[in-house]
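J.: Sharing a structure here in C-alpha cells format.
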Amino acid sequence: TPADPWWKSAVVYQIYPSSFQDADGDGLGDLPGVIDRLDYLHTLGVDVVWLSPVYPSPLADNGYDISDYLGIHPRFGTLADWDRLRDGLHERGMRLVMDLVVNHTSDEHPWFADSRASRDSPYRDFYFWRPGRGDGPPNNWGSVFSGPAWTRDDATGEYFLHLFTRNQPDLNWENPKVREQVHDIARWWLDRGADGFRMDVVNFVSKAPGLPDGPVPPGSGYGLFAEYSINGPRLHEFLGELRDAAFAGRDVLTVGEMPGVSVEQARAHTDPVDGEVSMVFQFEHVDLDHGPGGKFDRVPLDLRRLKGSLDRWQLGLADRGWNSLYLNNHDQPRAVSRFGDDGEHRTASAKTLATTLHMMKGTPYVYQGEELGMANAGFSDISEYRDVETHNHYLHAMAAGADEARVMAGIARMSRDNARTPMQWDASPNAGFTTGTPWIAVNPDHTEVNAEAALADPDSVFHHYRRLIALRKEHPVVVHGAYTPLLPEHPALYAYTRTLDGTVLTVLANWSADTVAVDAAPAVAGPRPELLLGTHPAAEEGVFAPLRPWESRVLLSR
Ligand code: TEU
C-alpha cells in the first residue's frame, strides 16, 4: 500500500568495516575500500548498507567504544570519504544506515576523561559513579564480557559501571544532558545525509533505580543485570524522546538492537502508531544453542525449537509491528557452520538457510560474506583470535581451572571472530582484502569460496541471494503476505506459506542431509503452483517431489 514505509520492502547489507576491504594496505578495512565495492553491492541488489562503527575509537571492541561521535577514525578514512560513500550509495539508489552506540562511550571519550577526574566534574553525572560496598563494587553485576561490571577508579576511589568491557563505561540516561547529547548526535548524522541508525543495545539504556543486586546463577561469581538493566522503567520514554527529537518527520530506518526483548515488547517498540523504532533485532533464535555454561557452551539445536521461536515472532508481529530477519551478524558465528553444513552440503545449505529466512515477513539483513556461504574459521590457537569477548572468556575460564581443549573447542564454534575474518574477494593470498598484513587471518577456504568465483558461477550462493532479493521486489506477497507455519513438529522440514489476496507462496526447505517427503504441501500450496526458485535443478516428479539433501523450493500459485 502507498502508506507503507520503504524499509518494509528493503534488504539491508551489513558491512563490518575492519574486515570488508582495505584500500590503503594497512591491513584494516576502510571507507575508500567500501566505495570500491559499491558496484558489487548494487549487483547483489540490496537497498541499504548498515555500516558498523567507523568513528574515532581506541578499538577496544572494534569501534563499539566511541571516543568522538562526530568524526571518522583516521584508519577508516575521513569525513570527506564518508560523504563520497553516502553519494555513491545514493547515486545507485541505496541508503546508508549508521551504527549509533550510545549505551556507553569509550573510556577515552572526553566526557569520561572529565567525569573520572573529580567528583565535581560537570560530566560526573554523565556516567554511573558509585562508592564501593565494603571492599567490593557497588553491586554484584557481572559484565557481558566476563568479570565484574564495575571498575574502581583511583582518581576518586569510586566505581564506574560498564556492562561491557571496562573501556566502555555506561552513559547515565537519567541525566537529561546525556539524552540531549544523543539527540544532537543523531540529528547531526541525519542532517549530513545518513538514512537511519542501527542502535546498539538500546534497550539497556534505562536502569532500575538503586541498581539492585541480580540473581546469581549456579557456578557464576556474578549477578545477572538483565532484570534491572534491560527494558528498564524509562525505556519507552527515552526512546520516544529520541524519536521525537531526531527521527520525526524524516524518512529513516531505525533498528534497535535489543538482547532479551520479548515479542510483546518488540511489538510495542515497533507499533506503527506509537512505537519508537522501525524494527528491533531480537536474540531468541540465536540464543537457543547456548548451553548452561553460556554461549561458549554450545548445545545441539533441534530444528523444531528454532521453528517454534521464529514462527512465534512471525505470528506475534503479524498485524502490528515489524520483524527484522537475520541469522548472521558480526557477533554471531557463521550460520552455514552453525545451522547448515559447511562440508559436503555447503552451497545447498547456505542457499536453503537464505531461502527460509528471506521469504519470511520482515526486513532481511545480509551480513558481509553470508552471500558467498562464508564459514567459520574456527581458529585453534588463542593467539589467532582478536575479539575481546573471546580473550576475556579464555582468561576467566583458564583461571577457573577449565580444560583448555574444551575451552578452545567452544571458542572455535562460537567466537565472534568467526564472522570477522576478512571478506573473501578472490583466491589470491589475502583474498583480495588487503595488500598488507590482515589484522586477522583470512580463512584458508577463500581459494574456493570467494566473490570472483561466485559472480562467475550462475549456481553460486551469491546468485541465489540475488534472486531471493529480486523476488521481494517482484512479488508483493513476499513483503505483505500472511505467514502460516506448516508441519511445525517435523524434525527436518522448514515449511510455511505466505498468502495475499489470491496468491499463495509456499516455502519447502529441507534442513537435513536426508531426503524428505513433502506430502502435506499440495493441500495448502494453492492451484497449479509453479517453481519460482529452487536450490537444485527442477525434479522430474514435479514441485512436490521429495526434497534432496538441503534442497529448498519456493512455489507460487496465483
Ligand atoms: O552487542 C550486544 C550484545 O549484547 C551481544 O550481541 C553480544 O555481543 C554477544 O551476545 C556476546 O556474546 C553489541 C554489538 O553488536 C557488539 O559488537 C558490541 O560488542 C556490544 O554491543 C557492545 O557495544
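The values are calculated or read from the model by the stated rules, or taken from the named source; none is laboratory data. All values reported here derive from a predicted model rather than from experimental measurement. All Cβ positions, even for glycine, are placed from backbone atoms using ideal geometry, and neighbour counts span all protein chains on display.
J.: What pairs come up if the first residue lies in the stretch 320-335 and is part of a loop (DSSP other than H, G, I, E, B), the second is charged (D, E, K, R) and more than 14 Å from the ligand (Cβ to nearest atom), and their beta carbons are under 7 Å apart, counting only those six or more places apart or on different chains?
T.: Every condition considered, the pairs that remain are Arg320/Arg267; Arg320/Asp271; Gly321/Arg267; Gly321/Asp271; Trp322/Lys8; Asn328/Arg334; Asn328/Glu370.
J.: Would you tally the residues in the stretch 394-425 being within 25 Å of Gln168 (Cβ to Cβ), more than 18 Å from the chain's Cα centre (by Cα) and surrounded by 24 or more Cβ atoms within 10 Å (Cβ to Cβ)?
T.: Residues meeting the conditions: 1.
J.: Could you count how many residues in the stretch 361-385 are of a type in the set (Ser, Thr, Tyr) and in a helix (DSSP H, G or I)?
T.: So the count comes out to 1.
J.: Hey, another quick one. Scan the stretch 337-377 for residues that are of a type in the set (Asp, Glu) and without any contact (Cβ under 8 Å) to a residue 40 or more places away in the chain and report the count.
T.: 1
J.: Suppose we filter Ser106, Ser118 for residues that are of a type in the set (Gly, Ala, Ser) and under 26 Å from the mean Cα position of the chain (by Cα); which single one remains?
T.: Step by step, each of Ser106, Ser118 is checked, and only Ser106 is of a type in the set (Gly, Ala, Ser) and under 26 Å from the mean Cα position of the chain (by Cα).
J.: How many residues does the stretch 132-159 contain that are of a type outside the set (Gly, Ala, Ser) and under 18 Å from Ala226 (Cα atoms)?
T.: Residues meeting the conditions: 9.
J.: For the stretch 200-257, enumerate the residues that are among the acidic types (Asp, Glu) and not in a helix (DSSP H, G or I).
T.: Selection gives Asp200, Asp213, Asp251, Glu257.
Yes/no matrix, rows are residues, columns are (1) in contact (Cβ under 8 Å) with a residue 24 or more places away in the chain; (2) within 16 Å of the ligand (Cβ to nearest atom):
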position	(1), (2)
Arg95	yes, no
Ala113	no, no
Pro138	yes, no
Trp150	no, no
Glu158	yes, no
Leu161	yes, yes
Asp170	yes, yes
Trp173	yes, yes
Lys177	yes, no
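J.: Given the structure, is Tyr127 away from the ligand (no atom under 16 Å from the Cβ), modelled with pLDDT of 95 or more and more than 25 Å from the chain's Cα centre (by Cα)?
T.: no
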